[in-house]
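The block underneath contains the structure these notes are about, expressed in structure tokens.
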Amino acid sequence: MKKSIGIDLGTTNSAAAIKKARVEVLQNAEGEFITPSCVTVRKRLMRKPEFIVGRHALEWLRQEPENTVTAVKRLIGRNYHDPEVQELIRNGRFRCPLSPHSSGTKNSLAITAGGREFSPEEISAHILAKIKADAERALGGEVDTAVITVPAYFNDKQKHATRTAAALAGLKVSRLLPEPTAAAISFGVDQLSGTEGKTVLVFDFGGGTLDLSLLAISGGQIIEIAKGGDMWLGGEDIDNLLVVHALRETAAREDMDDLRLRALIGRLEPGQRNRLLAELKTAAEKTKIALSDSPEACLSVLGLLTDEDGDPLNIEAECSREQLEELMAPTLAALLKLVRGLLTESHFSKELVDLVLLVGGSSRISCVINALRQEFGPEKVLAHERPMLAVAEGAAILSCRLADTQECPSCGKEAGQHDAVCPHCQFDLENHAVRHGLVDIVHAAAHDYFIRLENDQRFLLIKKNTPLPCSSTEVFQLVDAEQELAHIRFYNVVNGREERIGDLWLGIDRDSGGPEPEEPPRVAVTLDIDESNLVSVRAALAGQPEVKVEGTLSRGKADERLFLLLEQTISEADRKGCSAYTVADLLCRARGIIRSIRKVVDPRTGAADEALCRQVEEKIRKAAAIAEAEEAPLTRIYYAESMLNDYGSLIAPALQEKIISKIERLRKIDEDGGYEETMQAMDELAAALEDPGLNLAHDLTQIENACEICHRTEPDKATRFMRAAAAVLEAAETGEEPDIAQLEAVMPEVEDVLDQHARSAQKIHRDIRR
Ligand code: AMP
């Protein structure tokens, strides 16, 4: 039987658990319950790199900090230009080089380690793969599904990236569960009896992040009311405070300036300096942890530093709980501000909170516990017995609940998830679930989700805290009846900041026959959010069911870069103002390009098809060059083909064949070839079209085109043109000599209409409106 586990994929540490009759936290291959979220990539000559994960990677951190990735969760689903990522780079907190991915958008993010580029999800996948392998070892069977926890404030991109990491590690994700909710489940709050609801604040203070969540619990249901926290505040910040304290104390003891001590460290050669800083950090963390159990502790790093004369300079400092509290005063103030802010934002007062649950390793720091006790009253603040494992335990409980099968608590054999009684021993499973287990969780949308309409007008599709799963479909209208592109831009709001979360492009083929619509067509846009807060989007054109797109949003990968390139090309052509023929050519190319871009990225693994990607990029560049030169090979093909179709009977067969071969050649070269070759093939077609044997067919085709242009605006003129053409056609068909004079009389006017149309710059509509 394949197994489902719960995984806490933490910033600093990760853990896995399973629920059978009881919840068990699983030991990893090193015999520990916690696996450091740390990956070292070791380059190997002529072979694939080696990935070392967990405790052993932490050991490599000292020797190869530039190839060891820690805290990748801070990067997952983020863009290179995100202020948070830039801040990490500025502070040097990330020792591996960060850059945009060479095949992604300028804003994508790659970590270079072991001489190769990795996306954050690829690195996370290695952590998950180790957890999966270790769990399989511990359980003696295959693990294929997991509930993975994520911070409550993770946005859609971050959650999708987490899901991609799981797919790369070979794990199905049955739910992405907010960490605070997981913690609450492990506290057993889902079992709170009675119908009277309780309001619970989960305070999850981990190694790198603070996750806050306000939950309402009633009758076995957990409802997420509001979330908050700080992605950049955690135990590591407190370690850093202790490092600063130790340096300051050492400098004071040695009677030297702080700056001088730092200069001595700065002068060390890089390997030694890294080792000293890593040891200092480890010693600081040990001191901090020791202070959670004893009133005083000592921080020391011996023998790694010397003064200017080469005499040993040991870094040593005593630290008491009171001193730690003093050092942490700004941190404590920040923590309380975040808690109060969350309550105010959700219209709760602290009196309305019934329980405060402390989870995460850093919630064991005594001044943190005291600050919360003071704020809410000591009786309301509960500490988890295993704060660092609570999240994994909660995930395991839900994972068991979501699995297709369950282990009977009485006989240990397999029963169906929805069996009322065990098929083996008749144990009352239903009653057991009601008494002991989680009944249901109602997740809520993490953000406001909206799209931008014409003139950048904002249209809300789903409001923050809407119960999940939810779906919203709204009907909009294209801005122009003949519009051939619709570009729908999706946004969400995270911490008051608007984020563009992705786009959908619809290409509308106007050549598919049927009458021209009088009104701009309508488009239905749907945004779905599943229980894991993952967003998927759809758009479909009313009355043209073949024009639809669906999927998840592009996320900084090659497809997003290509869509951006296409957007720039179209905007540039629009800004410059191209002729109607050039615009028609560009729109036709754009539709093909949109179809190709959608195939570039595998939606499950996020892997990009590099060859296709290069091909599409080439096509976009060619489209840009063609628009820039105001050429229109596709429009020319269209013209030649409609002439052959409509007036073929007036053209000598040999000439027809010659034109068909030129059309085919141009089409093929346009598909596969470069700009120069295409232009050459186009000139060849143009030359063939100059054959005097085509004069009559040209005139008739031009009349038809002119009619199409002016039939709405100048119907009388169109009728006159048509009459002249009809007389000539009739004569030609009956074998009589056509009355060319009548035709020649209207041709100057026809050419005028066509010229004006060609010269009039066409707006390239892409927006939608309500
Ligand atoms: P988590 O992300 O929940 O695994 O928490 C890891 C963080 O908790 C790290 O910064 C640890 O240093 C910190 N931590 C673990 N145990 C303790 C403790 N007893 N007292 C204070 N901090 C702790």
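What relative contact order, as a whole-number percentage, does the stretch 556-630 give when Cα pairs under 8 Å and 6 or more residues apart are counted?
Values: 56 pairs, mean separation 35.9, N = 75.
Relative CO of the stretch 556-630 lands at 48 percent.
Does anything in the stretch 459-499 have its amide N under 19 Å from the 7 Å Cα→Cβ label point of Glu345, and if so which residues? Output list for this probe position: 461-468, 491-499.
What is the chain's relative contact order, in percent, from Cα pairs under 8 angstrom and six or more apart in sequence?
11 percent
Modelled this way, with points 7 Å down the Cα-to-C-beta line, the labels at Asp739 and Glu628 are 5.2 nm from one another.
Can you work out the FRET efficiency for the pair Arg712 and Leu612, with r the C-beta to C-beta distance and R0 = 41 Å, to the nearest 0.05?
Efficiency, rounded to the nearest 0.05: 0.50.
Return the FRET efficiency for the residue pair Arg497, Asp404: r is the Cβ-Cβ distance, R0 is 41 Å, and the value is rounded to the nearest 0.05. Using R0 = 41 Å, I get an efficiency of 0.50. If you wrap the Cα atoms of the stretch 633-759 in a convex hull and average its projected area over all directions, you get 8.3 nm². By the equivalent-ellipsoid construction on the alpha carbon gyration tensor, the chain comes out with semi-axes of 64, 32, 24 Å, ordered largest to smallest. Here the contact order of the stretch 140-296, divided by its residue count and restricted to Cα pairs under 8 Å and six or more residues apart, works out to 15 percent.
With all protein chains in place and ligands, DNA and RNA left out, the 1.4 Å accessible area ranks Thr473, Thr105 as Thr473, Thr105, largest first. With respect to the chain, whose longest principal axis is taken over its alpha-carbon atoms, helix 610-628 is tilted by about 50°. In whole percents, the pair-distance distribution calculated for the stretch 585-696 from its alpha-carbon pairs, binned every 5 Å from zero, is 2, 11, 20, 19, 15, 12, 9, 6, 4, 2, 1, 0. Helix 156-168 and the long axis of the chain differ in direction by around 80°, with both axes built from C-alpha atoms. For the stretch 556-630, the Kirkwood hydrodynamic radius comes to 12.6 Å, computed from all pairs of different C-alpha atoms. With r as the distance between the Cβ atoms of Val442 and Glu322 and R0 = 35 Å, compute the FRET efficiency 1/(1 + (r/R0)^6) and round to 0.05. Efficiency at R0 = 35 Å is approximately 0.20.
Only four residue types carry charge here, +1 at the Cβ of Lys and Arg and -1 at the Cβ of Asp and Glu. Report the dipole size of the chain about the Cα centre in Debye, rounded to the nearest 20. List each step's numbers first, then the result.
On the way: 92 positive and 125 negative charges, 584 e Å.
Magnitude of the dipole: close to 2800 debye.
The length gained on full extension between Asn695 and Ala652, counted as 0.36 nm times the residue separation minus their Cα-Cα distance, comes to 14.3 nm.
At 222 nm, what value in deg cm²/dmol follows for the chain if DSSP H runs of at least 4 each add -39500 (n - 2.57) and the sum is divided by all its residues, to the nearest 500?
Numbers: 22 runs with 328 residues, N = 770.
Taking each H run of at least 4 residues, the total per residue is -14000 deg cm²/dmol.
I'd like the carbon and sulfur percentage of the solvent accessible area for the chain, probe radius 1.4 Å, heavy atoms only, ligands and nucleic acids excluded. Show your work: numbers first, answer last.
Details: 16950 of 34970 Å².
Heavy-atom surface of the chain belonging to carbon and sulfur, 1.4 Å probe: 48 percent.
Each of Lys337 and Asp755 was given a label point 7 Å from its Cα along the Cα-to-Cβ line. The distance between the two points is 7.0 nm. Per residue, the solvent-accessible area of the chain (1.4 Å probe, heavy atoms of protein chains only, all protein chains present) comes to 45 Å². Label separation (Lys413 vs Arg373): 5.1 nm, computed from points 7 Å beyond Cα along the C-beta direction.
So what's the stretch 235-330 giving for Rg/Rh, alpha carbon basis, Kirkwood Rh from the mean inverse pair distance?
Numbers: Rg = 13.1 Å, Rh = 13.6 Å.
With Rg and the Kirkwood Rh in hand, the quotient comes to 0.97.
For the listed residue pairs Lys157/Lys619; Lys172/Lys413; Lys132/Lys157, the alpha carbons are over 25 angstrom apart in Lys157/Lys619.
Would you mind counting up the charge near Arg55? Only other residues with Cβ under 12 Å from its Cβ, with Lys and Arg at +1 and Asp and Glu at -1.
Working: positive: Lys130; negative: Glu30, Glu32, Glu59, Asp134.
Local net charge: -3.
The values are calculated or read from the model by the stated rules, or taken from the named source; none is laboratory data. Just so it is clear, the model here is predicted, and its values are computed rather than measured. No Cβ is skipped: glycine too gets one built from the backbone with ideal geometry, and neighbour counts run over all protein chains shown. For the accessible areas, the whole protein counts, side chains as well, though only heavy atoms, and no ligand, DNA or RNA atoms are used. Shrake-Rupley method; radii C 1.70, N 1.55, O 1.52, S 1.80 Å.
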